[in-house]
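Asker: Can you read through this structure? Questions will come right after.
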Amino acid sequence: MARSAHGWRITAAVVAVTALTTLGVTAPVAAADPQPRIDLKVLVVDNGDSPVQAITDQLENTGIPYTTVDLGDPNRPVVDAAFLSDTVGGVPRAKYQGVVAPNEAPFGAGSAEQTALETYERTYGIPQVDAYTWAHPGVGLDYTDQGGFAGTLDGVAASVTTAGKAGPFGYLDGPLAFEDNAPAVSESYGFAARPRTGYTSYVDIPVPGSADRASLLGEYAHDGRRELVVTFAYNEHQRQFRLLARGIVEWLTQGVHLGQERNYFAVHVDDVFASDGRWDTVRNCTPGDFDCVGGDGEGTEPIRMTAADAVYAAQWQQNQGFTLDLVFNAGSGEEWKAENGGTDALTDRLLADKNQYRWINHTYTHPFLGCVQDTSTVPWSCAKNADGSTRYVSRADIAAEIRDNHNWALAKGLPVTRAELVTGEHSGLRTTPQQPDDNPNLAGALADTGITWLASDNSREPAQRAVGNALTVPRHPMNVYYNTGTKAEMADEYNWIYTSTADGGSGVCATNPASTCLPEPLDVPTGYDDYIVPQEARIALSHIIANDPRPHYVHQSNLAEDRILYPVLDTVLDDYRALFADNTPVQNLSQSAIGTEFQRRAAWRTAVDNGSVTAYRVGNKVTVTAPGGVKIPVTAPEGTQQQLLLGTSPFGTAYAGTRSAWTQPGLLQSALTLNLP
């Protein structure tokens with residue numbers, strides 16, 4: 001049957017035009033006919049293979065409505081002229097603005113359905129993406145034995161051609177290497193071939209043993225139709241696809257579509273002003289923690305930033321043009337000061353540079369705000385009341401921790417936002433298995449203190465959810481541990497977690513389905529720089545290029561001593577800038593802005609799922625209606641203007657060669673109207 005994957009659907013009234021404005025191509029509709037309307041919706045013909053699913057994932061992440069026809073479903077609809085188009089009010093309507101197909105002939109060459117699809121594309125100027133096919137003349141390419149290449153692409157450096165940069169891939173700058181994360185495993189396979197007449201290469205690679213280059217991705221124009229031909233295999237997680245996904249979608253939609261995509265990166269530094277416990281490389285635990293044998297904290301020196309570390313942080317920000325979010329515990333800092341002669345050069349330095357950072361409330365003294373912990377056993381459990389019910393930290397105590405920290409910040413002139421909060425260890429929120437439900441006192445305390453954006457741990461709860469009147473903001477934990485200040489400590493703890501018992505590790509990697517064991521322990525002096533840094537940078541970059549606004553979080557200990565966070569961040573930012581053009585800068589948002597992005601996405605998905613969105617294009621005019629209060633995400637070419645009741649105004653903000661925004665109809669208007677250039 002026809003379906004909208006993950007609930008994405010759009011009403012049958014949704015329509016839009018065929019003119020390929022951004023690519024200078026117009027649909028072959030007779031001049032005497034009225035201009036057709038074309039739905040701002042994509043048809044996905046799915047054979048179950050990963051390339052189609054990867055593009056579908058990109059459509060959904062961007063916010064583009066799509067309908068899926070499952071080729072494996074015996075009850076699916078017949079794809080014929082009536083399925084693809086109709087007439088509304090005497091005007092021809094194309095129901096889909098683009099087609100994603102597993103290959104050039106998903107229904108079989110010469111079949112009735114294939115003929116109907118090709119006729120539809122030809123009539124309305126609808127582009128088709130061939131998600132993965134082999135190189136042959138039927139897609140505008142020579143066979144690979146005619147000066148091309150077929151084989152594994154792991155580690156191969158591909159380049160965007162001049163035509164690709166002038167077209168849909170102009171947001172990319174440097175070469176993009178195919179991933180090679182496991183040398184013993186073939187991760188990518190492809191067919192690189194020489195173009196024939198009608199084919200324009202957008203991405204190519206050098207032919208091994210030759211000075212020639214051959215295409216892996218390009219546009220094939222023939223018989224009044226246009227296909228984007230991809231001749232390498234991929235899935236939605238691989239970097240090479242993620243880098244090209246935006247351009248594939250822009251080509252598919254002719255640069256005009258619902259939804260938007262940005263590249264986001266924010267870094268929260270928790271426990272600022274406090275100190276963090278240190279990993280014991282002998283006991284393989286953190287003294288002071290209740291589950292560390294003999295862990296009374298004696299003989300260990302906590303890790304805490306110094307004034308010199310603060311100077312370095314401020315200078316690093318200026319050099320990188322990047323702002324850190326300092327997640328602070330003022331009370332812990334005051335306690336440290338009282339125990340160390342009443343002065344604190346670190347606090348003085350950070351306060352002097354306060355306007356160079358964003359600041360987030362982390363509670364005054366970083367207590368656990370869920371159930372009252374009973375640490376007499378390992379693992380800990382929730383303490384019980386006399387009647388057997390769970391004993392929780394009170395509403396008043398939670399509110400006091402939040403309020404005291406915020407008031408301290410106000411007294412010191414910190415540019416802090418009352419609405420944002422990160423609780424210690426994300427406590428107060430459910431923590432399985434001990435505390436399967438939120439502290440029932442948490443929502444009230446948040447309301448008492450004006451908190452509307454509450455951080456959560458993405459590894460536990462990846463989706464945004466409500467906690468009373470507040471909404472969560474999921475954060476990605478980085479594998480740069482809170483209890484390590486040196487590279488050697490980091491490598492030692494990493495070895496303990498990720499090596500087998502036979503290799504001297506804990507062996508937990510063998511029992512956790514979400515992880516794998518290292519083949520051998522890392523070299524402690526060099527393991528951090530040689531293995532952990534590139535690994536963590538790769539993971540963080542994969543989030544950035546997946547339209548994922550979730551912030552990453554680390555701890556103040558990682559800015560101290562060896563300052564082990566900076567090599568990871570430098571690698572992420574340097575790699576990003578080497579890949580992307582200047583028109584596609586990384587978006588460094590505050591916690592509240594990230595929360596708002598998630599909130600808008602959820603409202604948009606609900607509106608589309610409910611069939612309450614209508615969007616179409618006629619000629620150079622786009623019209624979108626949505627329920628009142630729902631922000632509408634739209635991407636359009638440079639030069640697009642929003643039609644107001646009186647006059648027009650420039651639409652959106654520039655990003656990656658297009659303009660995009662969350663927007664809504666103008667004053668006294670019931671629909672959003674955009675005038676394309």
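Asker: Going by Cβ distance under 4.7 Å, what cysteines of the chain have no possible disulfide partner?
Answerer: When partners are defined as cysteine Cβ atoms under 4.7 Å apart, the chain leaves no cysteine without one.
Asker: Something else: Within a 10 angstrom radius of the beta carbon, how do Val207, Val78, Val69 rank from fewest other beta carbons to most? Mind showing how you got there, number by number?
Answerer: Working: Val207 17, Val78 11, Val69 22.
Fewest-to-most Cβ neighbours within 10 Å comes out as Val78, Val207, Val69.
Asker: Still on this model: Test of the criteria: in region 227-317, which GluC sites (Glu not before Pro) are in a DSSP loop and have at most 10 other Cβ atoms within 10 angstrom of their Cβ? Display every interim value, and only then the final one.
Answerer: Numbers: sites: Glu227, Glu236, Glu250, Glu261, Glu298; in loops: Glu236, Glu261, Glu298.
Hits after loop and neighbour filter: Glu298.
Asker: Same structure, new question: So, counting K/R as plus one and D/E as minus one, what does the shell of residues with Cβ under 12 Å around Ala445 add up to?
Answerer: Numbers: positive: Arg395, Arg403; negative: Asp397, Glu401, Asp438, Asp448.
For residues surrounding Ala445, the net value is -2.
Asker: Also: Quick test of the membrane-span-like rule: which DSSP H helices of the chain reach at least 24 Å along their long axis (C-alpha atoms) with mean Kyte hydropathy at least -1.0?
Answerer: Correct list, ordered by number: 395-412, 591-609.
Asker: Hey, another quick one. What does the net charge come to around Gly595 if you take all other residues with beta carbon closer than 12 Å to its beta carbon, with K and R at +1 and D and E at -1? Walk me through the numbers on the way to the answer.
Answerer: Values: positive: Arg465, Arg475, Arg550, Arg600, Arg601; negative: Glu420, Glu597.
Overall, the nearby charge balance is +3.
Asker: What spacing in nm lies between the two simple spin-label points modelled at Glu461 and Thr648, each 7 Å away from Cα in the Cβ direction?
Answerer: 4.5
Asker: Please give the net charge around Tyr364, taking every other residue with its beta carbon less than 11 angstrom from that of Tyr364, where Lys and Arg add +1 and Asp and Glu add -1.
Answerer: Details: positive: Arg403; negative: Glu334, Glu335, Asp397, Glu401, Asp404.
Combined, the nearby Lys, Arg, Asp and Glu give -4.
Asker: R0 = 60 Å: FRET efficiency of Leu351 with Ser186, Cβ-based, nearest 0.05?
Answerer: Details: r = 55 Å, r/R0 = 0.91.
With R0 = 60 Å, the Cβ-Cβ based efficiency is 0.65.
Asker: According to a simple spin-label model (label point 7 Å from Cα along Cα-to-Cβ), what is the distance in nm between Asp574 and Asp530?
Answerer: It is 1.8 nm.
Asker: Could you tell me whether region 267-591 comes out rounded, prolate or oblate from its Cα gyration tensor? Rule is a ≥ b ≥ c as square roots of the eigenvalues, rounded for a/c under 1.5, then prolate if a/b exceeds b/c, otherwise oblate.
Answerer: Because its axes are fairly even, with a/c under 1.5, region 267-591 counts as rounded.
Asker: If you don't mind, another one. Under 1.5 on a/c is rounded, so check that first for region 133-214, then, if it is not, pick prolate when a/b is larger than b/c and oblate when it is not; a ≥ b ≥ c are the square roots of the alpha carbon gyration tensor eigenvalues.
Answerer: On the way: a/c = 1.89, a/b = 1.13, b/c = 1.67.
Because a/c hits 1.5 or more and a/b fails to exceed b/c, region 133-214 counts as oblate.
Asker: What's the ranking of 567-573, 243-249, 87-93 by average number of surrounding C-beta atoms within 10 Å, highest first? If you can, show how the numbers build up before the last one.
Answerer: On the way: 567-573: 20.6, 243-249: 23.9, 87-93: 12.9.
Taking the mean over residues of other Cβ atoms within 10 Å, the ranking is 243-249, 567-573, 87-93.
Asker: Would you mind checking which residues have amide H under 5 Å from Val156's amide H? H placed 1.01 Å from N; only 5 or more apart, or other chain.
Answerer: Phe178
Asker: Related question: Taking region 248-352, which trypsin sites (Lys or Arg not before Pro) meet the DSSP loop condition and have no more than 14 other C-beta atoms within 10 Å? Please list the in-between numbers first.
Answerer: Values: sites: Arg262, Arg278, Arg283, Arg304, Lys337, Arg349; in loops: Arg262, Arg278, Arg283, Arg304.
Here the sparse-neighbourhood loop sites are Arg283.
Asker: Among the listed pairs Lys412/Lys487; Lys354/Lys487; Lys41/Lys631, which have their C-alpha atoms separated by more than 23 angstrom in this model?
Answerer: Details: Lys412/Lys487 34 Å; Lys354/Lys487 28 Å; Lys41/Lys631 18 Å.
Violating the 23 Å Cα-Cα cut-off are Lys412/Lys487; Lys354/Lys487.
Asker: By per-residue mean of other Cβ atoms within 10 Å, what is the highest-first order of 417-425, 637-645? Write down the numbers at each step before the final one.
Answerer: Details: 417-425: 21.8, 637-645: 16.8.
Packing proxy ranking, top to bottom: 417-425, 637-645.
Asker: A further question follows. Neighbour counts of other C-beta atoms within 10 Å: give me His406, His543, His362, His237 arranged from fewest to most. Spell out each step's value before the answer.
Answerer: On the way: His406 23, His543 20, His362 29, His237 13.
Listing His406, His543, His362, His237 from fewest to most nearby Cβ atoms yields His237, His543, His406, His362.
A short reminder: the numbers here are calculations on the coordinates, not readings from a lab. These numbers come from a predicted model, not from an experiment. Reconstructed Cβ throughout: ideal geometry from the backbone, glycine too, with neighbour counts over all protein chains shown.
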